[in-house]
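Enquirer: Here it is, the structure, as structure tokens.
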Amino acid sequence: VTPTVVVVGSINVDLVTFVEKLPHPGETVSGGTFVQVHGGKGANQAVAAARLGAQVVLVGMLGDDDLGRSARAELGSEGIAVDEIRTGSKPTGVAQILVDASAENLIAVASGANHELTAAMVEESLGRVDADSAVVCSVLEVPDEAVAAAAAISGERGWPFILDPAPAKPLPDELLARCSVLTPNEHEISYLGKSSPADLVAAGVGAVVVTRGGSGVDVVRANADDHHQPGFPIEAVDTTGAGDTFSGALAWALADGAELEAAVARAAAAAAISVGEKGARGGMPTRAQLDRFLEERS
Ligand code: RIB
């Protein structure tokens, strides 16, 4: 059976300027180059999982505007089911992104329609997902009530729930207790309201998976030894969307039946491949590209 992944998350259009160095507040840097690409942490997770072969349903919101129509068409062309993407009254989300020569980025998001997603909509959409098993993932670019509903319904249906806590903020214990897997990066981990991965696990998170870029991934669980997945050295061009690629690929691998450690290895490889191209989705691998990458390194 084809693994099913359901994403409850954000959809943006990314306005990206590549510059030599990021400006300080009040400073202007010129000489950049510009691209407009599709993004949004939720939509990026959906694309990562779809490219790897998952059947993906995306629950989210777009504006009734050209950017929204273009985003919807792009998601459809990736093979993602777009029927649960609603049109709101606010404009499509937009992210202003600056990327410097060392692939570091700065991102500011105007959430627009993403903030119109309600718990009732999530409940209705997840109720319509016709699958015996699925992995659900979400991000913090949609309202708290939408994330909470996604977590609660996943629990009711017995589906693993992966939360990528980005952008990071303190999370209520009730939500933590419903996360099968939490995937903060090394910066986000300190903003979640707990002082360590072990404290997150004590609050009920099934597994805390901390991504550390080129330094790899740390996995902390209750009743299991800590695990370290080494990083895959790669020349980074643009790290935007690496975290989304990681969590989307992790959802696909778990839905495909992999054990957590094996799924983390595949997700880390997918994220490493993704930073080799510009744009959040530019370098996201297909299944064949991922398999080849892993084979070359084994
Ligand atoms: O994680 C990268 C994403 O964050 C970008 O695509 C942008 O839209 C913001 O949501």
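The values are calculated or read from the model by the stated rules, or taken from the named source; none is laboratory data. This structure is a prediction, so every number in the text was calculated from the model and none was measured. Reconstructed Cβ throughout: ideal geometry from the backbone, glycine too, with neighbour counts over all protein chains shown. For accessibility, only protein heavy atoms count, side chains too; no ligands or nucleic acids. Shrake-Rupley method; radii C 1.70, N 1.55, O 1.52, S 1.80 Å.
Enquirer: Note the direction-averaged projected area, equal to a quarter of the hull surface, for the Cα convex hull of the chain, in nm².
Expert: Working: hull surface 59.6 nm².
Directional mean of the projected Cα hull area for the chain stands at 14.9 nm².
Enquirer: So how do Ser89, Ser215 rank on accessible area, 1.4 Å probe, biggest first, that is with the largest at the start? Don't skip to the end; give the middle numbers.
Expert: Numbers: Ser89 105, Ser215 75 Å².
Ranked list, largest accessible area first: Ser89, Ser215.
Enquirer: Say we join alpha carbon atoms closer than 10 Å with springs in a Gaussian network model of the chain; which of Ser133, Ser154, Ser180 then has the biggest fluctuation?
Expert: In the Gaussian network model the winner is Ser133.
Enquirer: Regarding segment 193-272, what's the average projected area of the Cα-atom convex hull, expressed in nm²? Please report the intermediate quantities before stating the final value.
Expert: Working: hull surface 22.5 nm².
It is 5.6 nm².
Enquirer: May I pose another question? To the nearest 20 debye, what is the magnitude of the charge dipole of segment 1-109 about its Cα centre, counting +1 on the Cβ of each Lys and Arg and -1 on the Cβ of each Asp and Glu? All intermediate terms of the calculation are to be shown ahead of the outcome.
Expert: On the way: 7 positive and 12 negative charges, 49 e Å.
Using only the charged Cβ atoms, the result is roughly 240 debye.
Enquirer: Report the residue, chosen from Ala198, Ala151, Ala166, that carries the largest GNM mean-square fluctuation when the chain is represented by alpha-carbon nodes joined by springs under 10 Å.
Expert: Result for the chain, Cα springs under 10 Å: Ala198 fluctuates most.
Enquirer: Still on this structure, I have one more. Ignoring ligands, DNA and RNA, please state the percent of accessible area on the chain from carbon and sulfur, probe 1.4 Å. Before the final figure, lay out each step's value.
Expert: Values: 6300 of 12660 Å².
Roughly 50 percent of what the probe reaches on the chain is carbon or sulfur.
Enquirer: Order Asp83, Asp291, Asp244 by their accessible area, 1.4 angstrom probe, all chains in place, largest first. Please report the intermediate quantities before stating the final value.
Expert: Values: Asp83 130, Asp291 60, Asp244 10 Å².
Largest accessible area first, the residues go Asp83, Asp291, Asp244.
Enquirer: Let me check I have the definition right: for segment 1-55, take the eigenvalues of the Cα gyration tensor, multiply each by 5, take square roots. What are those semi-axes in whole Å, largest first? The partial results should precede the final answer.
Expert: On the way: eigenvalues 232, 25, 14 Å².
Equivalent ellipsoid of segment 1-55: 34, 11, 8 Å, largest first.
Enquirer: Specify whether the C-alpha gyration tensor of segment 1-132 places it in the rounded, prolate or oblate class, a ≥ b ≥ c being the square roots of the eigenvalues: rounded for a/c under 1.5, otherwise prolate if a/b is larger than b/c and oblate if not. List each step's numbers first, then the result.
Expert: Values: a/c = 2.60, a/b = 1.81, b/c = 1.44.
It comes out prolate by the Cα gyration axes.
Enquirer: Using just the helices of the chain, give the 222 nm mean residue ellipticity in deg cm²/dmol: DSSP H runs with n ≥ 4 each add -39,500 (n - 2.57), and the total is spread over all residues, rounded to 500. Numbers along the way, then the final one.
Expert: Values: 9 runs with 96 residues, N = 298.
Value at 222 nm, helices only: -9500 deg cm²/dmol.
Enquirer: So, one more: Using a 1.4 angstrom probe, figure out how much accessible area the chain has per residue, in square angstrom, rounded to the nearest whole. Can you show the working numbers first?
Expert: Numbers: 12660 Å² over 298 residues.
On a per-residue basis, the chain sits at 42 Å².
Enquirer: Further question: Counting alpha carbon pairs within less than 8 Å and at least 6 residues apart, what relative contact order, in whole percent, applies to segment 29-149?
Expert: Values: 166 pairs, mean separation 27.6, N = 121.
Worked out over segment 29-149, it gives 23 percent.
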